[in-house]
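Below is one structure, written out as structure tokens; comments come after it.
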Amino acid sequence: GGPVVVIWDNLNVHRSADIRDYAAEHDWLTIVQLPSYSPDLNPVEGICSLLRRAVTANIVFADRDHHVRAVRSGLRRI
């Protein structure tokens, strides 16, 4: 394989010391951290926001499949 570039938001696990150490030890891996609050650079944030408000708000899912079906249905409506 060739070089790999990973573009991540600022989720805490994406900024962990383990991740930083792993990237430092592998010169083929480049990690780019998006700035905080930059939905223009990460369009999936808008989709997730719509799903959280319209599909998954105030619902207790019976199981994983119930959750997956609801999200897929919500994505089709967007």
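Of everything in segment 39-78 that is among the polar types (S, T, N, Q) and free of Cβ contacts under 8 Å to residues at least 12 places away in the same chain, the residue that is nearest to Asp9 (Cα to Cα) is Ser49.
Yes/no matrix, rows are residues, columns are (1) hydroxyl-bearing (Ser, Thr, Tyr); (2) surrounded by 12 or more Cβ atoms within 10 Å (Cβ to Cβ); (3) modelled with pLDDT under 95; (4) touching a His at 6+ places or on another chain (Cβ under 8 Å):
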{"site": "Leu11", "(1), (2), (3), (4)": "no, no, yes, no"}
{"site": "His14", "(1), (2), (3), (4)": "no, yes, yes, no"}
{"site": "Tyr22", "(1), (2), (3), (4)": "yes, yes, yes, no"}
{"site": "Val32", "(1), (2), (3), (4)": "no, no, yes, no"}
{"site": "Ser36", "(1), (2), (3), (4)": "yes, no, yes, no"}
{"site": "Pro43", "(1), (2), (3), (4)": "no, no, yes, no"}
{"site": "Asn58", "(1), (2), (3), (4)": "no, no, yes, no"}
{"site": "Asp65", "(1), (2), (3), (4)": "no, no, no, no"}
{"site": "Ser73", "(1), (2), (3), (4)": "yes, no, yes, no"}
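Entry remark, segment 43-60: residues being within 30 Å of Ser16 (Cα to Cα) and either assigned to a loop (DSSP other than H, G, I, E, B) or of a type outside the set (Val, Ile, Thr) (or both) number 11 in total. Of the residues making up segment 11-42, those that are among the small types (Gly, Ala, Ser) and part of a loop (DSSP other than H, G, I, E, B) are Ser16, Ser36, Ser38. Among the residues making up segment 21-38, those that are aliphatic (A, V, I, L, M) and farther than 14 Å from Asn10 by Cα are Ala23, Ala24, Leu29.
The values are calculated or read from the model by the stated rules, or taken from the named source; none is laboratory data. Only a predicted model underlies this, so the values are computations on that prediction, with no experimental measurement involved. Note: ideal-geometry Cβ built from the backbone for every residue, glycine included; neighbour counts use all protein chains shown.
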